[in-house]
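Asks: For reference, the structure I am asking about is given below.
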Amino acid sequence: MERKDLETWLDNISVTFLPLTDLQKNETVDHLISLSGAVQLRPLSNNLETLLKQDFLRLLPSELSFYLLKWLDPQTLLTCCLVSKQWNKVISACTEVWQTACKDLGWQIDDSVQDALHWKKVYLKTILRMKQLEDHEAFETSSLIGHSARVYALYCKDGLLCTGSDDLSAKLWDVSAGQCIYGIQTHTCAAVKFDGQKLVTGSFDNTVACWEWSTGARTQLFCGHTRAVGSADFTVKVWALCWVTKVVLQRCKVKSLLQNPGDYILLSADKYEIKIWPVGREINGKCLKTLSVSEDRSICLQPRLHLDDKYIVCSSALGLYQRDFASYDILRVIKTPEVANLALLGFGDVFALLFDNRYLYIMDLRTESLISRWPLPEYRKSERGSSFLAGEASWLNGLDGHNDTGLVFATSMPDHSIHLVLWKEHG
């Protein structure tokens, strides 16, 4: 049959074939295959694999491929990376997929970084850290030894820890090295704050003093309190004429019912209530508002108070109470039925750091579930919470690959040492 006649015949066959039902088309193809020999079946076999097993990720535009990939969970995507080099290349290039995966794990996302491979590596790193937290293997412990009497005041900043003791001394420690940088003779210390040059101490002798680290000399002394001074700067702990476990002084950045941006706000907390006070030149200011967990004072507050631009958070036997800073309304009560009477150490956008007599806990605030715990020794307890503190807390707003290092928690021990809980280095 001539080529022209063959083309005419094929056109006629196509016109007849197309109107057939699927079943009739299948029967026609089967009949043609039965009439074919090896020479005809060989190209048919080769072409079938190409026709039936087309790689849609290779054929689709990148934008459409990325859209489809966003519907898969990260673990499935990692499995898909093993299908072929092409799949691994396409999946690893989808920035939004890996950024979202990291964000879902509580990672702080820098949108200016658009390198997809970077975010894939970050995700794998985050998965390892989260698994360490779930397996209770993310931390390690250490001790600082050097005081000969009760350590009652702790303060940390920039990888350094200051301790004030009843042995009439204060020491500045490099947490990572576990070494004492400075040790100076002071008065008794109820609270301490420091920078690179000086130390400020609030004492049980009713005074506040300023000291030079390099020489140990006392440069200033402030008198005027009638009881022990547990304050040294704008974030203070005090007790004076009544038992107050926490006082926070802070400048407002948002408008609230009682303050305008730029105003100072003073919050004081005792065992039952949080009071909000005006701060001005007047000495006898009236309380602006009282916040409580129970009207009959049947529920006690833990001696910790969190205040930032958005929230006021306190802990009680009923759970964590989170209030809106602007309206003072209760936004939510986070209950922990498996563990009661958890004290608050730190509160962020993603995580909260809590503890009790036995364990240090990390809570995922998005699910309100405890995701990790770490055993604590029999540490020295103080009613106002001065004998323990959280370390650098930026990781509570989300991990970023750099903030899960250094000090997590420190507390004084009955043997006058300092017990440290530190982030374990990434393996």
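Asks: Testing VAL339 on (1) more than 16 Å from the chain's Cα centre (by Cα); (2) under 26 Å from LEU376 (Cβ atoms); (3) assigned to a strand (DSSP E or B), one condition comes back false. Which one is that?
Replies: (3)
Asks: Which residue pairs have Cβ atoms closer than 8 Å, lie 6 or more positions apart in sequence or on different chains, and pair a first residue in segment 17-33 that is within 15 Å of LEU44 (Cβ to Cβ) with a second residue that is surrounded by 10 or more Cβ atoms within 10 Å (Cβ to Cβ) and among the hydrophobic types (A, V, I, L, M, F, W, C)?
Replies: That search, which allows pairs on different chains as well, returns THR28/PHE17; THR28/LEU20; ILE33/LEU41; ILE33/LEU44.
Asks: Hey, does segment 97-105 have a residue that's in a helix (DSSP H, G or I), surrounded by fewer than 17 Cβ atoms within 10 Å (Cβ to Cβ), at negative phi and in contact with a Gly (Cβ under 9 Å, 6 or more places away or on another chain)?
Replies: Yes; the residues of segment 97-105 include at least one that is in a helix (DSSP H, G or I), surrounded by fewer than 17 Cβ atoms within 10 Å (Cβ to Cβ), at negative phi and in contact with a Gly (Cβ under 9 Å, 6 or more places away or on another chain).
Asks: Also: Among the helices (runs of 4 or more DSSP H) confined wholly to segment 1-79, which include 2 or more residues that are under 30 Å from ALA116 (Cα atoms)?
Replies: 56-59, 62-69
Asks: Got at least one residue in segment 30-37 being under 39 Å from the mean Cα position of the chain (by Cα) and among the charged types (D, E, K, R)? Let's see the steps before the verdict.
Replies: Start the filter on segment 30-37 by keeping residues that are under 39 Å from the mean Cα position of the chain (by Cα), which leaves none.
No, there is no match, as no residue in segment 30-37 is under 39 Å from the mean Cα position of the chain (by Cα) and among the charged types (D, E, K, R).
Asks: For GLY262, work out the one condition from (1) on the phi > 0 side of the Ramachandran plot; (2) surrounded by 16 or more Cβ atoms within 10 Å (Cβ to Cβ); (3) modelled with pLDDT under 85 it doesn't fulfil.
Replies: (2)
Asks: Take ILE109 and tell me if it is assigned to a helix (DSSP H, G or I) and farther than 30 Å from ASN206 by Cβ.
Replies: Values: assigned to a helix (DSSP H, G or I): no; farther than 30 Å from ASN206 by Cβ: yes.
Considered against the rule, which asks whether it is assigned to a helix (DSSP H, G or I) and farther than 30 Å from ASN206 by Cβ, ILE109 comes out as no.
Residue-by-condition table, conditions (1) touching a Lys or Arg at 6+ places or on another chain (Cβ under 7 Å); (2) surrounded by 14 or more Cβ atoms within 10 Å (Cβ to Cβ); (3) assigned to a strand (DSSP E or B):
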| position | (1), (2), (3) |
| --- | --- |
| GLN302 | no, yes, yes |
| LEU320 | no, yes, yes |
| TYR328 | yes, yes, no |
| LEU353 | no, yes, yes |
| ARG366 | no, no, no |
| LEU370 | no, yes, yes |
| TYR379 | no, yes, no |
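The values are calculated or read from the model by the stated rules, or taken from the named source; none is laboratory data. Computed from a prediction, not measured in an experiment: that's the story for all the values here. Cβ sites come from the backbone with ideal geometry, for glycine too, and all protein chains shown count toward neighbours.
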